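As structure tokens, the structure follows; a few thoughts come after it.
What follows is calculated from the coordinates using simple rules that are stated; it is not laboratory data. Just so we're clear, the structure is a prediction, and the values are computed from it rather than from any experiment. Here the Cβ positions follow ideal geometry from the backbone for every residue, glycine too, while neighbour counts run over all protein chains shown.
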Amino acid sequence: MISPASPAITPPMKARHSVSRDNMVFTAVLILLATLVIILWFKDPAHRYTGESRVGWPPPPHGKP
């Protein structure tokens with residue numbers, strides 16, 4: 001029998017995994033650089049699709065009537 005004066009048995013708490021500020025800054029910089037690389041990759045004309053467009057633009061010139 002447990003006496004009322006004894007402490008209650010509780011499961012141990014898990015320690016919180018803290019991320020250092022340096023790791024957070026490093027991760028943020030990597031994400032920003034990756035975003036910049038993706039944007040610049042798609043803006044580069046050398047990496048664009050070179051096939052014909054589904055839309056014939058500009059329209060062919062018509063002769064004078």
Whole-Hz couplings from phi, Karplus 6.51/-1.76/1.60, listed for region 17-29; x for Gly and Pro = 8, 8, 9, 5, 5, 4, 5, 5, 5, 4, 5, 5, 5
Would you list M13, M24 from fewest to most Cβ contacts within 10 Å?
-> M13, M24
